1. Since ASP374 meets every condition but one in (1) assigned by TED's automatic domain parsing to the domain that holds LYS83; (2) surrounded by fewer than 24 Cβ atoms within 10 Å (Cβ to Cβ); (3) modelled with pLDDT of 95 or more; (4) more than 21 Å from ILE136 (Cβ to Cβ), which condition does it not meet?
2. Which of the strands (runs of 3 or more DSSP E) found entirely inside the stretch 367-418 contain at least 1 residues meeting this: at negative phi and under 17 Å from the mean Cα position of the chain (by Cα)?
3. From (1) over 30 Å from ALA427 (Cα atoms); (2) in contact with an Asp or Glu (Cβ under 7 Å, 6 or more places away or on another chain); (3) hydroxyl-bearing (Ser, Thr, Tyr), pick out the condition that doesn't hold for THR57.
4. Which residues, counting only those in the stretch 332-371, are surrounded by 20 or more Cβ atoms within 10 Å (Cβ to Cβ) and more than 30 Å from CYS290 (Cα to Cα)?
5. Please tell me if LYS65 is assigned to a helix (DSSP H, G or I), assigned by TED's automatic domain parsing to the domain that holds THR49 and at pLDDT 95 or above.
6. Step by step: first the residues of the stretch 254-282, then only those that are touching a residue at least 40 places away in the same chain (Cβ under 8 Å) and acidic (Asp, Glu), then the one that is surrounded by the most Cβ atoms within 10 Å (Cβ to Cβ). Which residue is that?
7. Given the criterion of a type in the set (Ser, Thr, Tyr) and free of Cβ contacts under 8 Å to residues at least 60 places away in the same chain, identify the matching residue among THR390, THR417, THR400.
8. Among the residues of the stretch 405-445, what is the count of those that are basic (Lys, Arg) and surrounded by 20 or more Cβ atoms within 10 Å (Cβ to Cβ)?
Amino acid sequence: MNNINRRRILRGMLNGAAVTVALPYLECFLNSNGTALASGAPVPIRFGTWFWGLGMTKQIFTPTKVGADYDLPEQIASWKDIKQHVNLYSNMNVSTDGRPVPCHYTGWVSVMTGEAPLNGSSYPRESIDVTVADAIGTTTRFRSMQLAATANPRSTHSFRSTEAVNPPEVSVSELYQKIFGPEFQDPNSPSFTPDVRIKTRKSVLSGVMEQSADFRRTLGKADQARLDEYFTATRELESRLALQLEKPDPAPACKVPAAANKELPVGIESELLITRHNLMTDFLVMALACNQTRVFNMMYSDATAVTTRKGFAKVHHTITHEEPYDVKLGYQTEASWFVTRSMESFAYFVKALAKFKEGDATLLDRSLVFGYSDLSLAQAHSLVGIPMMTAGSAGGRLKTGIHFDGKGAPVTRVGLTVQQALGLQTAEWGQNSMRTSQAIGEVLV
């Protein structure tokens, strides 16, 4: 075993082309317990969000049993194999504090920021993933990654401010190239040569930043603040390039996947959306394992989902408003069909993380996924009982497999719990009537 280099890779040929595959976590890469890297550094914790639009149907979504071993109503029946990993948070509300309530906007903005927006075109503060990325995402190539199964370039809930929004990846093939294309540095390669192109780009950015500092001194306070915000993304890009000029830390579980054979067509059909989501999920799993990022956001469908179903003329959003209730069942059956498909995709996402081994644990064990929607009952645009869930234990800091009934508590209690489980020193979170210092003790370890 002594002659095995921890950064060793497998090389070969496929159809006349060179192939490089990084080795997975082997015992020789880890400490004797399989709980840390051989260097003594801990295996990293990851955080991500997973969003679906248009809520749920309470009577066939919310379990009747509170606590562990909760039941699985029709819309979440697909959680059978992941229930032990998932906490479901029900009966938790958004308070608007008298502010206007833009439909399909106030709910998710409140969940992500802890505060109701002033209007339908601005954000009151940064999204929770940005807060987390500032804490755990500064040493990876990408501070965070945004993915949109919708193929809509506007499908993102990640932002530092209204003017500084993080755009999503909408193409499966472009996502692959972004992660594993020419700029990818295999963390397990025995050799490392800094890319001259990256050196040049970093030098150019450094020069721009120096000039901006001189220019800033000539401005008033308001313009200085605007300029600072404008250059935040530039500073982050400069830091990212600096990281790429250093030899990356080993990531023994990293295996570069095969590229997508062809691009998926842009469309709104449910089957196409599911396929795109699953492919993006598979690439994201390897991006996490290869330590390219530790923070991510997956947008399964938009808040005003225009997803279609084969054989039906109307889109999901329209159906929630126009479909009559089934007299016997007491809910909209077609609208429910879309939610059920959403939860099946969430199950796929969680399983993809759960089946990926990292030493003595799985990628899911060392992750925390925060799932949420924009409202509860879509037809009424209800902000009462917005469904949320977490998957994964964040390295053992969170109990899993629990249904928590919030009994009307603000949604910010979940956001605070998430941050504390990730090790952030956040004593309270949220604003106005949703400000809270009460994390959910029932799930925190």
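The values are calculated or read from the model by the stated rules, or taken from the named source; none is laboratory data. Given the structure is predicted, the values throughout are model-derived calculations rather than measurements. Because the Cβ atoms are built from the backbone with ideal geometry, glycine has one as well, and the counts that use them run over all protein chains shown.
1. With respect to (1) assigned by TED's automatic domain parsing to the domain that holds LYS83; (2) surrounded by fewer than 24 Cβ atoms within 10 Å (Cβ to Cβ); (3) modelled with pLDDT of 95 or more; (4) more than 21 Å from ILE136 (Cβ to Cβ), ASP374 is out only on (2).
2. Values: elements: 367-372, 388-391, 402-410.
In the stretch 367-418, the matching strands (runs of 3 or more DSSP E) lie at 367-372, 388-391.
3. Looking at each condition in turn, THR57 falls short on (2).
4. Hits for the stretch 332-371 are GLN332, ALA335, SER336, PHE338, VAL339.
5. Values: assigned to a helix (DSSP H, G or I): no; assigned by TED's automatic domain parsing to the domain that holds THR49: yes; at pLDDT 95 or above: yes.
It is false that LYS65 is assigned to a helix (DSSP H, G or I), assigned by TED's automatic domain parsing to the domain that holds THR49 and at pLDDT 95 or above.
6. Filtering the stretch 254-282 for residues that are touching a residue at least 40 places away in the same chain (Cβ under 8 Å) and acidic (Asp, Glu), the one surrounded by the most Cβ atoms within 10 Å (Cβ to Cβ) comes out as ASP282.
7. THR417
8. Number satisfying all stated conditions: 1.
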